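Novice: I have a structure I would like to understand better, so I am pasting it below and will then ask my questions one at a time.
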Amino acid sequence: MTASGGGLGILFKKPTTWSIFQSDRYTLELIQKHQIYTMSYFPDEYKKQVIFLGSKSGRDSHKMKEVDLTAIQTPSKNITFEEARLIFECRLTQITTPNADDFYSQEAKDYVNEMYKDVVNYRKFVFGEITNVWIKK
Ligand SMILES: Cc1cc2nc3c(=O)[nH]c(=O)nc-3n(C[C@H](O)[C@H](O)[C@H](O)COP(=O)(O)O)c2cc1C
């Protein structure tokens, strides 16, 4: 899937990525099942493909095969794409559910309350230890 929310840093001494998932994402199910995943960053010229991967669920489509990108496997058999310029391979460390009471700016509280109006919109913060990085030169 395509994700725009997230970042990276050090968590409990480990280089770590974090990302935000709506709770009904098929990708989230796959991450929980396999506990390893990749985060791939693409040059602007692949925007169309990136938007496509964010436009329908892999739960009821074959979007990984339909997208105009070249699927490849990491040595650990994780899927990513040849066209990516930066790839993080991650091992799942933590999934948390943000709560409005944990936020201290009104804007953030309002944001969390808004997304919890509909139970489908629960968000999950997903943290993964970075186990490999590939950078295209
Ligand atoms: C530009 C863009 C950014 C997105 N960012 C996120 C995000 O940060 N978190 C999220 O849960 N969904 C995000 N989405 C929506 C998912 O990519 C989309 O729902 C996708 O179809 C989920 O696929 P899946 O059900 O196979 O996991 C984004 C979509 C686009 C187009």
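The values are calculated or read from the model by the stated rules, or taken from the named source; none is laboratory data. Note that the coordinates shown come from a computational prediction; the quantities given were computed from them, not determined experimentally. Positions of Cβ are backbone-derived with ideal geometry, glycine not excepted, and every protein chain shown enters the neighbour counts. Areas reflect the complete protein model, heavy atoms only, side chains present, ligands, DNA and RNA absent. Shrake-Rupley method; radii C 1.70, N 1.55, O 1.52, S 1.80 Å.
Novice: Apply the Karplus parameterisation 6.51 cos²θ - 1.76 cosθ + 1.60, with θ equal to phi minus 60°, to every residue of the stretch 49-61 and state each ³J(HN,Hα) to the nearest whole Hz, in sequence, with x for glycine and proline.
Specialist: Ordered by residue, 3J(HN,Hα) equals 5, 5, 5, 4, 5, x, 9, 8, 7, x, 5, 10, 8 Hz.
Novice: Would you mind computing, in nm to one decimal, how far apart the modelled labels at Lys56 and Lys33 are, each placed 7 Å from Cα along Cα→Cβ?
Specialist: The answer from the label model is 1.9 nm.
Novice: If r is the Cβ-Cβ distance from Asp44 to Ser76 and R0 is 30 Å, what FRET efficiency results, to the nearest 0.05? Walk me through the numbers on the way to the answer.
Specialist: Values: r = 28 Å, r/R0 = 0.94.
With a Förster radius of 30 Å, E is 0.60.
Novice: Could you give the radius of gyration (one decimal) and Dmax (whole number) of the Cα atoms in the chain, in Å?
Specialist: Looking at the chain, its Cα Rg and Dmax stand at 15.7, 45 Å.
Novice: Percent of accessible area on the stretch 28-137 owned by carbon and sulfur, 1.4 Å probe?
Specialist: In the stretch 28-137, the share of accessible area belonging to carbon and sulfur is 51 percent.
Novice: Using the Cα centre of the stretch 27-137 as the reference point, and only Cβ charges (+1 on K/R, -1 on D/E), how large is the resulting charge dipole? Debye, rounded to the nearest 20.
Specialist: For the stretch 27-137, the charge dipole is close to 380 debye.
Novice: Could you order peptides 66-78, 23-35 by the average number of other Cβ atoms within 10 Å of their residues, highest first?
Specialist: Top of the packing list down: 23-35, 66-78.
Novice: Over what distance in Å are the Cα centres of the stretch 86-137 and the stretch 25-85 separated?
Specialist: 18
Novice: Further question on the same structure: Which whole-Hz ³J(HN,Hα) couplings does the stretch 13-24 yield from phi under the Karplus relation 6.51 cos²θ - 1.76 cosθ + 1.60, θ = phi - 60°, glycine and proline marked x?
Specialist: Karplus-based 3J(HN,Hα) across the stretch 13-24 equals 6, 10, x, 9, 9, 9, 8, 10, 10, 5, 5, 8 Hz.
Novice: Continuing with the same structure: If you line up the long axis of helix 106-115 against the longest principal axis of the chain, both from Cα atoms, how many degrees apart are they, to the nearest 10?
Specialist: 70
Novice: Here is a follow-up. Among Val50, Val126, Phe81, which residue has its Cα furthest toward the positive end of the charge dipole of the chain, with +1 on Lys/Arg Cβ and -1 on Asp/Glu Cβ?
Specialist: Checking the options against the dipole of the chain, the answer is Phe81.
Novice: Now, a different point. Rounded to the nearest 0.05, what FRET efficiency is calculated for Asp68 and Phe125 with R0 set to 35 Å and r the Cβ-Cβ distance?
Specialist: The calculated FRET efficiency here is 0.65.
Novice: I've got another one for you. Relative contact order, percent, of the chain when contacts are C-alpha pairs under 8 Å separated by at least 6 residues?
Specialist: Reported relative contact order: 32 percent.
Novice: At 1.4 Å probe radius, can you tell me the per residue accessible area of the stretch 28-92 in Å²?
Specialist: 65
Novice: Out of residues 5 or more away from Tyr122 or on other chains, whose amide H comes under 5 Å of its own, with H placed 1.01 Å from N in the peptide plane?
Specialist: Close amide H contacts, sequence-distant or interchain: Ser23.
Novice: Tabulate in residue order the Karplus-calculated ³J(HN,Hα) for the stretch 79-96, using 6.51 cos²θ - 1.76 cosθ + 1.60 with θ = phi - 60°, rounded to whole Hz; enter x for Gly and Pro.
Specialist: Going residue by residue, I get 8, 8, 10, 3, 6, 5, 9, 8, 10, 9, 9, 10, 10, 4, 10, 7, 10, 10 Hz, with x marking Gly and Pro.
Novice: For Val133, Val126, write out the residues from largest to smallest accessible area, computed with a 1.4 angstrom probe and no ligands counted.
Specialist: Per-residue accessible area, sorted high to low, gives Val133, Val126.
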